[in-house]
1. Note the per residue figure in Å³ for the convex hull of the C-alpha positions in segment 51-180.
2. Let me check something: with ligands and nucleic acids excluded, how do 202, 57 order by accessible area (1.4 Å probe), largest to smallest?
3. Would you calculate, for the chain, the mean residue ellipticity at 222 nm contributed by helices, counting each DSSP H stretch of 4 or more residues as -39,500 (n - 2.57) and dividing by all residues, to the nearest 500?
4. In the chain, which whole DSSP H runs stretch at least 27 Å along their own axis (Cα) and average 0.5 or higher on the Kyte-Doolittle scale?
5. Running Debye on segment 100-170 with equal point scatterers at the Cα sites and no solvent, what base-10 log of I(q)/I(0) appears at q = 0.12, 0.16, 0.18, 0.27 Å⁻¹?
6. Under the √(5λ) rule applied to the eigenvalues of the Cα gyration tensor, what semi-axes describe the equivalent ellipsoid of the chain? Give them in Å, descending.
7. Keeping all protein chains in position, work out how much accessible area residue 127 exposes to a 1.4 Å probe, and write it in Å² to the nearest 10.
8. Give, in whole angstrom and from largest to smallest, the semi-axes √(5λ) of the equivalent ellipsoid of segment 194-240, with λ running over the eigenvalues of the Cα gyration tensor.
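The values are calculated or read from the model by the stated rules, or taken from the named source; none is laboratory data. Quantities reported herein were computed from a predicted structural model and do not represent experimental measurements. Accessible surface is based on the protein model in full, side chains and every heavy atom, while ligands, DNA and RNA are left aside. Shrake-Rupley method; radii C 1.70, N 1.55, O 1.52, S 1.80 Å.
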Amino acid sequence: MRQRTLSGYPLAAAWMLGALVSLLMMGLAGRELSAQVEPHHTAFYRSTLCLIILLPFVLRAGISAVHTRYVARHIIRNTVHFAATWCWLFGLALLPLAEVFALEFSSPIWTAVLASLFLGERLTRSRLLAIALGFTGVLVLLRPGVAIVHPASLVVLVAALGYAISYVVTKNLVGTDSPLTVVWWMNLVQFPLGGIPSIGNFVIPTPALWPWLAVVGIVGVTSHYCLSQALKHADATIVT
């Protein structure tokens with residue numbers, strides 16, 4: 001069992017690298033769009049464009065390809081993920097990009113704890129050491145007691161916790177559902193979550209920002225497809 005798990009690490013690392021590149025591009029696009037649109041607008045645009053991109057693949061594979069027996073889990077995962085994304089986009093508008101990503105990468109701490117509690121993943125000595133180092137890194141960034149902690153930093157930490165919850169639920173789902181199913185349901189659930197708050201104050205960005213909208217749509221698909229593939233090959237703690 002251990003040997004089979006270890007053999008999946010290179011594949012998991014390769015897929016996670018794709019997810020990280022996609023998330024980096026999402027951060028850049030979200031930062032540019034924040035000058036004109038609110039976080040829920042960006043999330044709505046992402047879900048809309050992702051559904052448009054995914055629809056031909058779903059029609060080609062057949063609607064049964066995205067059938068799931070775990071609708072409630074998808075709804076929970078994507079409601080939490082939507083809230084985390086809103087917090088993340090909020091932080092992007094107020095904090096330096098590097099700080100947002102550094103704080104977001106505290107999510108492996110929460111993922112390790114949650115995966116141990118709900119997925120039965122072992123907290124080995126090396127993993128506990130990684131958690132301790134990660135927590136130390138967060139303290140170095142926030143400098144509590146030395147500098148005033150920016151409220152947006154705490155919001156980004158909430159986002160990191162939300163992402164950790166979504167990772168753990170995704171790890172549970174990829175045992176039965178395909179990555180295409182995971183990504184399809186993510187955008188199907190988050191489409192109304194972003195659309196309803198946008199009613200009455202909908203904002204269309206200027207044409208100069210449309211390329212960034214395209215980036216949001218494309219990497220919105222690739223980031224979660226790659227993440228789902230990575231989680232098929234290794235523990236959630238290792239992947240994050």
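1. 130 Å³
2. 57, 202
3. Values: 11 runs with 187 residues, N = 240.
Calculated from helices alone, the mean residue ellipticity at 222 nm is -26000 deg cm²/dmol.
4. Details: long enough: 9-33 (35 Å, 1.27); 39-61 (32 Å, 0.95); 71-94 (35 Å, 0.90); 151-173 (33 Å, 1.46); 179-198 (28 Å, 0.86); 210-233 (35 Å, 0.72).
Counting only whole DSSP H runs, the qualifying helices are 9-33, 39-61, 71-94, 151-173, 179-198, 210-233.
5. -0.33, -0.57, -0.70, -1.20
6. The equivalent ellipsoid of the chain has semi-axes of 27, 25, 14 Å.
7. About 30 Å², rounded to the nearest 10.
8. Ellipsoid half-lengths, sorted descending, are 32, 15, 7 Å.
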